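Peer 1: Shown below is the structure under consideration.
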Amino acid sequence: MIRLFILSLVAIFGALIVTLNGRFFEDPGYLLLVLGDNSFETSLLAFAFGLIVVFLIVRIFFLLLTLINPFTWMRVGKKFQQKRRSRFRTNTNEGLLNLVAGNFNRGKKFLTKGLKDDDSSVLNYLGLADIAVAEGGSDNVIEILDLALKNHPLESLSIQRCRAKFLFRKGELQTCASILQSLRDQTPNDPWLLKFLKKTYEELNDWGSLQDLEPVLRKHKVFSEEELDRFQNEIVLKKLTAEPNIDTEHELTRMWKNTTKHQRLNSEVVGAFALKFCNVNSQGRAREIIERCQAHRWSGDLALIYGTIDFKEERDLMEGLAVAERWLGKNPKDHLLMLTLARLSIKLKLWGKARDYYQSSISVLPTAAALAELSFLLRGLEDLNGSAAAQKELYKVSNIGLQNLSFPVLLPEENKSTSDNNFFNL
C-alpha cells in the first residue's frame, strides 16, 4: 500500500512538472468523466489533489481499524515481552561467557541481573553456584541450589546433579551417593549418572553396591566389555581383601560359586582365591581351581602359586608334581613353572631333580629366586663351587647377596626339617 502511494505521488508530480513545463498556467487542461447522461469535468490539478485526499482518508480509516483491533495489542505485547526476555537472556549469556573465561566478578554481576526476569533460567543459579564453589563459599552453594530448586522445580534433575558434584568435591560421599541414587530412580538409564555413581561407590569402597551396579552398566553399555570385565574382576579382588567376614571355607566357596566363567579363567582372580583357600586350610580347593584354570588358559603366575600350596600328604605332593610335569610338556620354556617344579621336588627331597629344574629355569631367565635357592641347595649338597657361582650370578641379577635374604638355608640331609615357607617368591 505504501509503495502504491509513493508511485502515485511520483506519477502525479511527474505529470505536474510536465504540465508546468508545457505552459500549464496558460492552458491547465481538464479531465472529463462521462457516465451515461452524467458528466464530470475538473482541472487536472484538482483531480490530482482529490486523489491524494482520498488516499489519506482510506489510510486513516484502516489505521483506526488497526488501533481498535484487540489482536493488534496482543501482538504488540508479545513483541515487547520477547524483547524484554531477550535483554535478560543476553545478561545470562554474558554471565556464562564470563564464567567460562574465569571473570567471576563480572559473571556474577550479569547472572544476578538475569535473575530479575520473572522467567529467569536455571542456568543463572547453576552459574552462580559454580562461581560460589570457585570462590570457596560452600554455604552459599547450598543456599543458591535450594533457591534454584524452589523457583525451578521442573529442573530438579539438573540442580541435583550440580548438588551431587559439589558434595563429591567436598568429600561428603554418603550424601552424594544418596542424591545420585534418588536421581537414578528418575533416570535409570542415564550414562553420566551411572558413571558418577560408580566413581562415588569406588571412593566409598562400597564393593557390594558396585557389584549390584555392574550388571546395569553392562546392560546399558556404559563401558566397553573389556573395561567391564576388568571392573568385575576388581570388585571380586577388593571384596576378597576388604570384607572381614570372608574367613571360612564356606564363605569362600559361596563367593567362588558366584563368580562368572570369565573370572574363573582369570589368573589374577584365581590366584587370589587360591591364596585365600590356603589361608583357611583348604589346600585341596586351591589346587582344584588352579588346575582347572590352567587347563583352559595358561598362567606362569598361577604355576608359581601352585608351588606354594602346602600339600598335607606325600601322595598329594607327588600328584601335584606329576601335574606340574605334564604342564611342562605344553610349556617347555616357562621359567616360573620350572621354578615351581624345583620347589615341589625339594619338598619331596628329590635333590637332583630340584637342582636340574633350578638350572633349567635359570637357563631360560635368571631370577633372584632361582639363583638363591639353587645356591642354598648346592651348599647343602656340599657343592661349594656351584653354590658360590650361583651367588655370584645372584649378585649380578639382583645386586643383593645371600646374607640379605630372609629365608633359612635349605639343607638336603634327611634329619633337617624344612619349612614350607622357605621359598623365596618373586
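The values are calculated or read from the model by the stated rules, or taken from the named source; none is laboratory data. Just so it is clear, the model here is predicted, and its values are computed rather than measured. Cβ placement follows ideal geometry from the backbone for every residue including glycine, while neighbour counts extend to all protein chains displayed.
Peer 1: If you check S121, S182, which single one turns out to be among the small types (G, A, S) and surrounded by fewer than 16 Cβ atoms within 10 Å (Cβ to Cβ)?
Peer 2: Step by step, each of S121, S182 is checked, and only S182 is among the small types (G, A, S) and surrounded by fewer than 16 Cβ atoms within 10 Å (Cβ to Cβ).
Peer 1: Here's a follow-up. Given the criteria of a type outside the set (A, V, I, L, M, F, W, C) and either over 23 Å from L217 (Cβ atoms) or crowded, with 18+ Cβ neighbours inside 10 Å (or both), does N189 qualify?
Peer 2: Taking the combined requirement at face value, the residue does not satisfy it.
Peer 1: Out of E155, E202, E249, I need the residue that is charged (D, E, K, R) and within 30 Å of K109 (Cβ to Cβ). Which one?
Peer 2: E155
Peer 1: Tell me, which residue of the stretch 369-418 that is part of a loop (DSSP other than H, G, I, E, B) and surrounded by fewer than 12 Cβ atoms within 10 Å (Cβ to Cβ) is modelled with the lowest pLDDT?
Peer 2: As a first pass, look at the stretch 369-418 and keep what is part of a loop (DSSP other than H, G, I, E, B): 381-383, 399-401, 405-418.
This time we only want the ones that are surrounded by fewer than 12 Cβ atoms within 10 Å (Cβ to Cβ), so: 382, 399, 406, 413-415, 417.
Numbers: E382: 87, N399: 63, S406: 44, E413: 49, E414: 41, N415: 36, S417: 44.
Step by step, filter the stretch 369-418, then rank; the result is N415.
Peer 1: So which residues in the stretch 293-349 are over 20 Å from I362 (Cβ atoms), assigned to a helix (DSSP H, G or I) and among the acidic types (D, E), if there are any at all?
Peer 2: Residues satisfying the conditions are E314, D316, E319.
Peer 1: I'd like to know if the stretch 273-284 contains one or more residues that are in contact with a Gly (Cβ under 9 Å, 6 or more places away or on another chain), within 16 Å of L336 (Cβ to Cβ), surrounded by 14 or more Cβ atoms within 10 Å (Cβ to Cβ) and not β-branched (V, I, T).
Peer 2: Checked against the condition, which is being in contact with a Gly (Cβ under 9 Å, 6 or more places away or on another chain), within 16 Å of L336 (Cβ to Cβ), surrounded by 14 or more Cβ atoms within 10 Å (Cβ to Cβ) and not β-branched (V, I, T), the stretch 273-284 yields no hits at all.
Peer 1: Further, regarding this structure: Would you check if R326 is closer than 26 Å to S282 by Cα, modelled with pLDDT of 90 or more, buried (at least 21 other Cβ atoms within 10 Å of the Cβ) and of a type in the set (D, E, K, R)? Reasoning before the result, please.
Peer 2: Numbers: closer than 26 Å to S282 by Cα: yes; modelled with pLDDT of 90 or more: yes; buried (at least 21 other Cβ atoms within 10 Å of the Cβ): no; of a type in the set (D, E, K, R): yes.
Against the criterion (closer than 26 Å to S282 by Cα, modelled with pLDDT of 90 or more, buried (at least 21 other Cβ atoms within 10 Å of the Cβ) and of a type in the set (D, E, K, R)), R326 does not qualify.
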